[in-house]
Structure formats: C-alpha cells, structure tokens
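These notes concern the structure reproduced below.
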Amino acid sequence: MIELKNVSKFYSNNGIVTLGLRNINLKLNKGEIVAITGDSGSGKSTLLNVITAVDTYEEGELLFKGNETSYFNQNDMDTFRKDHVSFIFQNYNIIDSYTVLENVMLPLLLSGKSQEQAKQEAKEIIERVGLSHRLHHRGTKLSGGEKQRCVIARALASDSEILACDEPTGNLDSKTGEEIIQLISEVAKDKLVLIVTHNYNQVAEIATRRLKIADGEIIEDVFLKETRENEVEEVLTLEEKKITKGTYFRIALQNIFSTPKKTIFSTIVFFVISFITLLLFLMMLQQSYETYSSTIPAYSLQDKERVVVYNLDHSPLKKEDLENTSHKEIYYNAFYEETTIFFKAENDIEEFYAKLTYHKLDYKVAIGKEPTQNDEYFIVLPNEYQVYQYRERLDEQIMVTTGSNSGEKFGTLVGVGIGTDIGQPYLLCYESYHPMLLEASKEAVQIDHYLYLDGEQYNLKRIYSSNSRLELPSSYQTRDVQMKHLLEGLYPLVIEYKTIYRDDIDEPLLYLDSSAIKNFSYDDKIYEAVIYTSNVKAVQKQLEEQGYIVSIPSDIRVEASMYNLAILYMFLALSIMALVCLFFISYIILARVYASKNKDYGVLRTLGMVKKQLGRIVILEVLATGLISSILAFIVFLIIYHTTKISMGDYMNFGIIVLYFVAVLIFSFFIAKRFNRRLYKFSANTTLKGEVARND
C-alpha cells in the first residue's frame with residue numbers, strides 16, 4: 001500500500017538544520033497494525049507525519065499504491081489525507097469548542113454530505129464507541145478517555161484506509177489506555193494501522209509488526225503476525241470533493257459562536273476599526289464640503305429643471321422670446337431666489353437667514369406644519385442643516401433684520417422641512433410673500449467688483465458717491481485693465497463709469513453711485529428670468545441661438561482655491577495614512593486572536609480541508625464579525641449624533657452609509673486573506689502545533 005524509498009526529512013530553525021529521517025526504506029500493507037517505537041526524539045512521529053502527508057519530505061520517494069507523491073502540492077496533501085487517512089493523536093486534537101456531535105460530523109461534511117445526513121451517521125458512530133451520553137458536551141467538558149473515544153469516532157467517520165495513531169494512550173491511565181487500544185483493534189479491520197507508542201507492551205497483543213526508530217533511521221523491523229498480501233497497484237486520483245455552501249456558513253458561524261471570548265474580543269477590535277473608519281469618512285466628506293469649493297454649487301437653488309437667462313450687458317430681455325420656450329414656470333427678475341435675507345424670531349437673540357422662491361420645492365416636513373394662510377411661513381433646510389435649532393422659533397412672530405424694514409414683524413414660522421436640490425435655507429409662503437420680504441430682497445442685493453490687471457485679479461477700494469468712476473494711478477495707462485461686476489457673485493453686469501488716470505494716487509479707487517446700481521432691477525423691464533422646464537438642454541440651445549446668456553444652476557460650481565485644495569489634499573493624505581496604519585495595527589491584533597485558533601484550523605487541515613475551503617471559512621468568520629461590528633459602530637454613532645448633534649453627522653447619506661459598510665467588508669476581507677496566506681505558509685503539522693502563532 002505504502003512504500004518509502006530512501007526518504008529523508010530535515011528541519012531548519014534559525015539557520016540550523018537538524019535531521020528528522022535518514023534514508024528510510026519501508027513497505028507497509030493494508031491489514032497491518034504497525035507499532036512504531038523508539039526513544040523521544042528518535043523520529044517516530046516524524047515518520048508518521050511523512051507517511052500520512054501531514055508533513056513534507058526533502059529526499060527520496062513515497063509511493064501510495066504505486067503512485068509517486070513527491071509531486072504533491074499543499075492541496076494534494078490535504079486531499080490525500082481527507083480521502084485516505086484518519087488520525088488519533090496523543091493530544092486528541094479535537095476542536096474543544098465543538099460538541100462531540102459537531103466534531104464527529106466534520107469529516108462527513110467535508111466529504112460533501114448534507115447536514116442531516118452527516119448528523120445521522122455521526123450519531124450512529126458515536127453510539128458505536130459508547131459516547132452517546134456525551135453527544136452534546138463540548139470537548140472541554142470531556143475526560144481524556146472520552147476525548148480519545150471522540151477522536152476514534154471521528155476517525156471512523158472518515159472511513160479511511162490508513163489509521164494513524166500518535167501516542168493514543170499517552171495521556172490516559174492504564175485501564176483507559178487498554179480500553180482505547182481494544183477499541184482501535186476493533187475498528188482496524190481492512191485498514192493499515194500505524195501506532196506510535198512509548199509503551200510497546202500496551203499494543204503488543206494487537207500489533208502485527210514492530211518498527212524501532214533511532215536517530216531518524218529504522219534499526220529494527222519485525223513481523224509478528226501474518227498479514228494479507230500487497231494490494232494491486234491502482235491509479236491515484238486526488239479529487240477535491242465539493243462542500244455545500246450551507247456547510248461553509250455553518251462551520252464559520254459555529255467557529256464564531258463556539259468561542260465567545262475570542263469572538264467578543266475580535267468584535268471589539270473590529271468595532272473600534274469600524275467606528276474610526278466611519279468618523280474618517282464623515283470627516284473627509286465634511287472637509288470636502290467645507291474646503292473643496294468645486295463641491296459647492298454656485299447657485300443656492302439647484303433644481304435640475306431650472307434655467308437662468310440674462311444678457312451679458314444686463315440689457316432688458318424680450319418677454320416673447322422667453323415665453324416661446326418649452327416651460328412649466330417662468331419668473332421674471334427673480335433675484336430673490338439667490339438673495340440672502342436675515343431674520344430674527346420674536347424672542348430669539350440669534351439671527352437666521354433664508355432666501356425666497358415661488359417654485360415648489362421638494363421637501364419633507366421635519367417639525368411643525370406647512371403654512372395654511374398668508375401670514376404663515378415655512379423654512380426648508382438643506383439636508384446637512386440641523387433642524388433642532390429652529391424648534392424654539394416655531395409659532396413665533398418673525399421679523400426682517402435686513403434693509404430699511406429691519407425689526408418689522410411680517411408673519412409666523414409654523415414649520416421646518418428638509419429639502420433636496422438646495423444649498424441654503426428657503427422661506428416658503430402660503431400663496432404670496434409679504435411685500436416687506438420682496439422689498440428686503442431687493443435691498444439685500446449685493447454686487448461684487450473685480451479689477452483685473454494683466455490677467456491677474458486685484459482688490460480695490462470702493463467708495464459710494466453721486467457719480468460712478470474708476471480712478472487709476474497714471475502708471476496703469478500701459479497695462480491691460482478690465483473690470484468685472486457680478487450680481488450676488490453670479491450674473492455679469494455692465495455698469496457705466498468713467499476711467500480717470502491720476503498722478504496723486506498709488507492704488508485703484510472705484511466710486512459707485514449706489515442708487516444707479518440698484519435701479520437696474522427696480523423698473524418694469526425684464527433683466528433676468530428663471531425658467532423651469534423638463535427640456536433644459538433644448539431651452540438652453542434655443543435661447544443661446546438668440547444671443548442670451550443661459551446658466552443651468554445644477555451644472556455650475558465655484559472653482560476651488562489653491563489654498564482650499566491644499567488643505568483638502570493634505571487631509572485626504574493624512575486620512576489615507578491613518579486607514580493604512582489602522583489596517584496593519586488591527587491585523588497585528590486580530591492575527592493574534594485568530595492565531596489562537598490555529599489548533600482548530602490545524603485540525604480542519606488534518607481532516608483534509610484544502611486551502612481554498614479553509615480560506616473561505618476564515619473569510620466568512622472575519623466578514624461576519626466585521627459586519628456585526630460595523631453595524632454596532634453605526635448604531636453607536638447614530639446615538640451619539642442624535643444626542644450631541646455633532647456637525648459631521650449632517651453629511652451622512654445613503655451613499656456614505658453603503659460606502660462605509662463596503663469599506664469595512666473589504667477591510668475585513670483583506671485581513672482574512674492576509675491571515676490565510678500566513679496560515680498556509682506552514683505545513684499542517686506546524687499549524688496543528690501552533691507554531692504559526694509563534695512565528696507570525
């Protein structure tokens with residue numbers, strides 16, 4: 001059945017090479033019960049490990065039914081053990097956190113059997129070894145003899161041709177040891193049984209052959225009883241049996257819930273990781289909104305159906321051209337939609353601000369109610385604003401604090417809503433706005449003035465006087481001078497003024513006639529129009545062909561300054577570095593937690609679970625723990641946010657929540673993959689002994 005030809009095994013530790021086996025030549029046949037004896041360190045267990053593919057060998061050849069095994073890779077060795085080898089160890093090597101039933105079911109599940117079929121067969125085998133009364137007891141609750149019976153039951157479940165026993169009675173009293181040897185004898189029919197033992201007398205009655213090892217060499221090979229002839233050689237097929245998806249999930253969840261202390265600790269680690277990751281995400285988003293200007297729309301009202309029309313020189317528009325477009329609504333000179341007005345509630349010290357619009361906004365009522373009569377008003381806030389700040393202002397009279405009508409009351413604030421497609425608060429009325437509000441919006445119109453010299457922007461002093469003029473130093477006569485005027489920073493204007501060069505000034509001075517500036521929007525002419533249409537691009541094309549300037553607010557954003565970009569990029573770089581450091585720190589911690597499960601993983605490997613299969617189970621374990629922890633972290637953050645109203649929580653939305661959970665799962669996946677690579681860097685024997693943890 002098995003033949004070893006000049007097989008040698010060496011161990012290397014810190015550059016020192018030691019001998020395990022030297023030039024072993026041996027033939028072993030089915031039906032033999034071979035006692036392998038020798039002093040401690042002689043190479044008995046090493047020989048057993050090499051024969052059963054628990055460990056590798058460096059020289060020679062090992063044949064199984066005439067098939068060479070030197071070409072075996074890790075998966076081949078695992079598959080070979082699953083199909084042909086069962087184990088009984090001195091240290092039992094059952095999974096202590098599993099019940100007797102779960103331990104015995106393992107090889108049956110790995111052979112591809114269903115949960116119900118594996119459970120039924122396992123119960124029958126457990127009854128055969130006399131352990132039915134301990135069916136649902138965990139390994140930690142079993143005596144030494146009961147653990148060994150459990151191991152024998154698991155070996156029977158494997159139904160393999162080779163039964164490898166490494167000091168099966170080493171940790172048992174003599175009476176229990178005799179019972180175990182007798183049980184091994186009973187299950188040894190039609191198998192090759194290999195028993196490594198210090199106490200040959202204990203196995204003398206059942207042994208058919210005795211091998212004695214010294215210094216890694218066989219010094220004695222005695223046939224004690226006649227056994228069957230050598231088997232006919234056959235082609236060895238190493239076929240990986242498929243495990244059902246349900247089995248993967250059951251084993252992964254079993255590993256999680258059967259080790260509560262380790263699970264709680266790893267959950268705490270993942271909780272901290274998840275919580276910090278969520279905070280970093282929200283902080284990056286907040287920083288983007290606050291410092292990266294390209295994320296800030298130029299217009300406050302960003303409805304995708306909104307079109308703003310004006311002339312470059314701010315000359316009047318033709319009403320018939322506007323109404324000849326495909327539209328739903330048209331508002332003329334609707335500067336109020338982008339003009340900020342300041343208010344104050346009757347009993348409130350702090351001011352708040354809002355803009356006006358007749359367009360129906362898309363919002364949900366957060367507190368209070370919608371207006372039902374003309375003296376009632378409703379505030380719609382962008383979703384990142386804090387609603388609770390307006391709660392005490394409800395049902396109070398509000399007054400304008402902007403312009404000549406400051407301090408006059410005009411209505412009651414009855415509700416607050418959260419809206420979409422807006423960048424600042426909007427004050428909605430029932431049917432029509434109080435005249436005072438419209439007047440205040442006109443008075444609140446601001447014009448920004450920019451002076452460009454040779455293409456570079458400069459600040460300039462503004463002085464209000466009875467007539468408008470631009471005074472420049474005489475030295476500017478040879479320079480390219482341009483003035484740009486923006487209404488609320490949005491609409492280009494042309495303002496009539498004279499340019500005067502003077503020798504007695506060192507910097508530009510802009511004198512403005514304030515009444516002349518404001519009068520442009522107060523007469524009956526149309527200087528600007530807002531069109532709401534479902535055919536935005538068509539309307540834009542039509543009006544641009546007629547010479548109008550057309551802006552689509554949802555597409556226009558303010559350019560970012562280099563300073564703001566530098567802050568953002570620096571913050572993003574630091575956040576990414578923090579996440580990378582967090583990954584490695586958490587891996588080091590979690591690797592220790594999962595390394596403490598090395599024995600359990602080693603047991604699964606000796607039972608023939610291949611790299612891909614065990615890798616899936618480890619990944620499922622880590623992903624499940626990561627997902628549970630991330631959900632807990634998210635819930636805790638929500639509690640903190642609703643309790644303290646921290647500003648970064650205002651930036652949380654569905655996309656960020658999805659991204660957060662995906663990031664944690666990817667994070668967990670890579671930690672699991674990294675641990676799997678470490679786990680399979682060593683042989684099954686090394687993993688079983690826990691040396692992965694010591695070398696991690």
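The values are calculated or read from the model by the stated rules, or taken from the named source; none is laboratory data. Quick caveat: nothing in here was measured; it's all calculated off a predicted structure. Note that each Cβ is placed from the backbone with ideal geometry, even for glycine, and that neighbours are counted across all protein chains shown.
For the reader, a short list of remarks on this structure follows.
- In segment 375-400, the residues that are in a loop (DSSP other than H, G, I, E, B) and either among the hydrophobic types (A, V, I, L, M, F, W, C) or at pLDDT 90 or above (or both): D375, L394, D395
- Tally of residues being in a strand (DSSP E or B) and crowded, with 16+ Cβ neighbours inside 10 Å across segment 434-480: 8
- Selection within segment 1-59 - surrounded by fewer than 22 Cβ atoms within 10 Å (Cβ to Cβ), part of a strand (DSSP E or B) and in contact with a His (Cβ under 9 Å, 6 or more places away or on another chain): T37
- One residue stands out in segment 512-534 among those that are aromatic (F, W, Y) and at pLDDT below 85: the one that is farthest from I330 (Cα to Cα), namely F520.
- Subset of segment 625-647 [surrounded by fewer than 18 Cβ atoms within 10 Å (Cβ to Cβ) and either among the small types (G, A, S) or touching a Pro at 6+ places or on another chain (Cβ under 8 Å) (or both)]: S647
- Within segment 471-490, the set of residues being modelled with pLDDT of 85 or more and at positive phi is empty.
- Residue, nearest to the chain's Cα centre (by Cα), within segment 541-553, restricted to residues that are surrounded by 14 or more Cβ atoms within 10 Å (Cβ to Cβ) and farther than 16 Å from E323 by Cβ: P553
- Selection within segment 334-366 - β-branched (V, I, T) and farther than 27 Å from S406 by Cβ: V365
- When V387, V380 are checked against the criterion of being touching a strand residue (DSSP E or B) at 6+ places or on another chain (Cβ under 9 Å) and either surrounded by fewer than 17 Cβ atoms within 10 Å (Cβ to Cβ) or more than 20 Å from H359 (Cα to Cα) (or both), a single residue qualifies: V387.
- Residue match in segment 635-646 (condition: in a helix (DSSP H, G or I) and within 30 Å of T99 (Cα to Cα)): no
- Of the residues making up segment 131-171, those that are under 41 Å from the mean Cα position of the chain (by Cα), hydrophobic (A, V, I, L, M, F, W, C) and assigned to a loop (DSSP other than H, G, I, E, B) are L135, L142.
- Of all residues making up segment 140-192, the number that are closer than 27 Å to S40 by Cα, surrounded by fewer than 16 Cβ atoms within 10 Å (Cβ to Cβ) and either hydroxyl-bearing (S, T, Y) or not assigned by TED's automatic domain parsing to the domain that holds V34 (or both): 3
- Members of segment 17-48 that are polar (S, T, N, Q) and touching a strand residue (DSSP E or B) at 6+ places or on another chain (Cβ under 8 Å): T18, N23, N25, N29, T37, S42, S45, T46
- Pairs, first closer than 10 Å to D303 by Cβ and touching a residue at least 60 places away in the same chain (Cβ under 8 Å) in segment 356-372, second charged (D, E, K, R) and surrounded by fewer than 15 Cβ atoms within 10 Å (Cβ to Cβ), C-beta under 7 Å, six or more apart: H359/E329
- Residue match in segment 332-342 (condition: in contact with a helix residue (DSSP H, G or I) (Cβ under 8 Å, 6 or more places away or on another chain), surrounded by fewer than 15 Cβ atoms within 10 Å (Cβ to Cβ), among the polar types (S, T, N, Q) and more than 30 Å from L572 (Cβ to Cβ)): no
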